[in-house]
Amino acid sequence: MLHRLKEEVTRSVKGAVILSALGLSALYALPASAAPTISLLETGSTLLYPLFNLWVPVYTKMNPGIQITTQGTGSGTGIAEAISGVAQIGASDAYMSDAQIKQHPNILNIPLAISIQMINYNVPGLNNVHLKLSGPVLAGIYSGKITNWDDVAIAKLNPGIKLPKHKIIPVHRTDGSGDTFIFTTYLSDTTPAWSNSV
């Protein structure tokens, strides 16, 4: 099943109605002067939100009988609103769980885009220096085992760089975020102890 594929970063859209709506629009495109007869709501992934804002005007220009409203509400909300029927398209950076798919077999996971995720850091005194941070080091930082920038694990990855003894303050999202899913999946794949300790 598509939801089982573990590409490094796959974006999914959930919504059964979208397939039939898109198919019908291709067969029954209305004249440009006609009022929209089908209204769709897309909510979810803030990462996909800019893409939808590029795609929707082009699509609705080609298919004037369809109106699509987009909202970047977060992946968790996108899934929840597709399941509840509030939205016809629930965009998410994370797949629906096996339990969700079993309970809602008419909702489809459709990969839309691939993106990368980047770790940003701000280390006082290290302007214009690119630090290497591995999966196990990031897992150590986010589990609280690595607390300072001069930790031996970070120093080992960055020979020749004088690391300051500054406290690391990890920042993360607190909502139902697909970015969190992608990041924690990476940590679990690179550091088996991560999934057991968090």
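Computed quantities for the displayed model
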{"item": "Residues of segment 113-126 classified as surrounded by 12 or more Cβ atoms within 10 Å (Cβ to Cβ) and more than 11 Å from the chain's Cα centre (by Cα), total", "result": "3"}
{"item": "In segment 156-178, the residues that are in contact with a Pro (Cβ under 7 Å, 6 or more places away or on another chain) and under 12 Å from residue 146 (Cβ atoms)", "result": "none"}
{"item": "Identity of the residue in segment 165-191, closer than 16 Å to residue 118 by Cβ and assigned to a loop (DSSP other than H, G, I, E, B), that ends up nearest to the chain's Cα centre (by Cα)", "result": "177"}
{"item": "Residues that are of a type outside the set (Gly, Ala, Ser) and touching a helix residue (DSSP H, G or I) at 6+ places or on another chain (Cβ under 6 Å), drawn from segment 110-135", "result": "117, 132"}
{"item": "Residue count for segment 140-156, restricted to those that are of a type outside the set (Val, Ile, Thr) and in a loop (DSSP other than H, G, I, E, B)", "result": "5"}
{"item": "Residue tally, condition in contact with a helix residue (DSSP H, G or I) (Cβ under 8 Å, 6 or more places away or on another chain), surrounded by 14 or more Cβ atoms within 10 Å (Cβ to Cβ) and either part of a helix (DSSP H, G or I) or at pLDDT below 90 (or both), over segment 79-109", "result": "10"}
{"item": "Unmet requirement for residue 159, which otherwise passes all of (1) in a loop (DSSP other than H, G, I, E, B); (2) surrounded by 14 or more Cβ atoms within 10 Å (Cβ to Cβ); (3) in the same structural domain as residue 190 (by TED's automatic domain parsing)", "result": "(2)"}
{"item": "Output for segment 183-198, where each listed residue is β-branched (Val, Ile, Thr) and either surrounded by fewer than 18 Cβ atoms within 10 Å (Cβ to Cβ) or closer than 17 Å to residue 172 by Cα (or both)", "result": "184, 185, 190, 198"}
{"item": "Segment 112-127 residues that are assigned to a loop (DSSP other than H, G, I, E, B), paired with ones that are of a type in the set (Phe, Trp, Tyr) and surrounded by 12 or more Cβ atoms within 10 Å (Cβ to Cβ) (beta carbon under 6 Å, 6 or more apart)", "result": "123/149"}
{"item": "Checking residue 138 against (1) at pLDDT below 95; (2) surrounded by 17 or more Cβ atoms within 10 Å (Cβ to Cβ), the condition it does not meet", "result": "(1)"}
{"item": "Any chance residue 172 is within 29 Å of residue 90 (Cβ to Cβ), surrounded by fewer than 11 Cβ atoms within 10 Å (Cβ to Cβ) and not aliphatic (A, V, I, L, M)", "result": "yes"}
{"item": "Which numbered condition residue 137 fails, given (1) hydrophobic (A, V, I, L, M, F, W, C); (2) in a helix (DSSP H, G or I); (3) farther than 30 Å from residue 95 by Cβ", "result": "(3)"}
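The values are calculated or read from the model by the stated rules, or taken from the named source; none is laboratory data. All values derive from a computational prediction rather than experimental measurement. When we count neighbours, we look across all protein chains shown, and the Cβ atoms used for this are built from the backbone with ideal geometry, even at glycine.
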